[in-house]
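Here's the structure, in structure tokens; my notes come after.
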């Protein structure tokens, strides 16, 4: 079953603006990751935030995690046309017997207009 | 970091034929590879987990005889869609089993399968 649910499903902004995407999940997690997917391509790992962390930065990316609300947000500052892609959150949760399960949300399609 | 090479990038085949998709780990030994299917504008659905030298583990609802997975070496995992039908048309992606040093996973570039 789907673990993460992103919103909005689609987001269109002007170049230079900030883009915020949200992700909610249902169960306890070990960490939460964000991935980017260009149309027709594979996924590229962007950033990981552990369950004991609240905020993390990487370049123009800022991720927050609220485990009490089971939610995360990805902020892309000063967006560029090249940021146009789909963004997925993925949770990593312990699934027993020493194994971890990676589960993806439905994704947010971001369009940055030049 | 880990590099996974997936090919073909796209393939068009006739109904009833079989198609093989390959994922190769280029700079590491992949004892485990995960295979996903992605429908248009939707998320990734885990199909199966391939393990080098043993049988693959399939997710509930995935037909083992339809989607044959082979992981015969530490650098190659294959997914064969047998007797393909138009409803098998989709985007198939593989990923590494273990996380990278940054904690994320490495995905192949995906294969767009169109069955006509």
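The residues listed here are A:86, A:12, A:28, A:72; of these, the one that is more than 14 Å from chain B (Cβ to nearest Cβ), buried (at least 19 other Cβ atoms within 10 Å of the Cβ) and in contact with a strand residue (DSSP E or B) (Cβ under 9 Å, 6 or more places away or on another chain) is A:72.
Among the candidates A:56, A:26, A:106, single out the residue that is farther than 28 Å from residue B:35 by Cα and either assigned to a strand (DSSP E or B) or in contact (Cβ under 8 Å) with a residue 24 or more places away in the chain (or both). After ruling out the rest, the residue left standing is A:56. One residue stands out in the range A:59-69 among those that are within 14 Å of chain B (Cβ to nearest Cβ) and not in a loop (DSSP other than H, G, I, E, B): the one that is surrounded by the most Cβ atoms within 10 Å (Cβ to Cβ), namely A:63. For the range A:41-63, check the following and say yes or no: at least one residue is more than 21 Å from residue B:103 (Cα to Cα) and at pLDDT 95 or above. Within the range A:41-63, none of the residues are more than 21 Å from residue B:103 (Cα to Cα) and at pLDDT 95 or above. If the condition is being surrounded by 18 or more Cβ atoms within 10 Å (Cβ to Cβ), within 8 Å of chain B (Cβ to nearest Cβ) and assigned to a strand (DSSP E or B), then the range A:31-45 contributes A:31, A:33, A:35, A:43, A:45. Listed conditions (1) within 12 Å of the chain's Cα centre (by Cα); (2) over 18 Å from residue A:93 (Cα atoms); (3) within 14 Å of chain B (Cβ to nearest Cβ) are all met by residue A:20, apart from (3). Go through (1) surrounded by fewer than 18 Cβ atoms within 10 Å (Cβ to Cβ); (2) within 10 Å of chain B (Cβ to nearest Cβ); (3) in contact (Cβ under 8 Å) with a residue 24 or more places away in the chain and name the single condition residue A:99 misses. Against the list (1) surrounded by fewer than 18 Cβ atoms within 10 Å (Cβ to Cβ); (2) within 10 Å of chain B (Cβ to nearest Cβ); (3) in contact (Cβ under 8 Å) with a residue 24 or more places away in the chain, residue A:99 comes up short only on (3).
The values are calculated or read from the model by the stated rules, or taken from the named source; none is laboratory data. Just so it is clear, the structure is predicted and the values come from calculations on it, not from any experiment. Please note: Cβ atoms are built from the backbone with ideal geometry, for glycine as well, and neighbour counts cover all protein chains shown.
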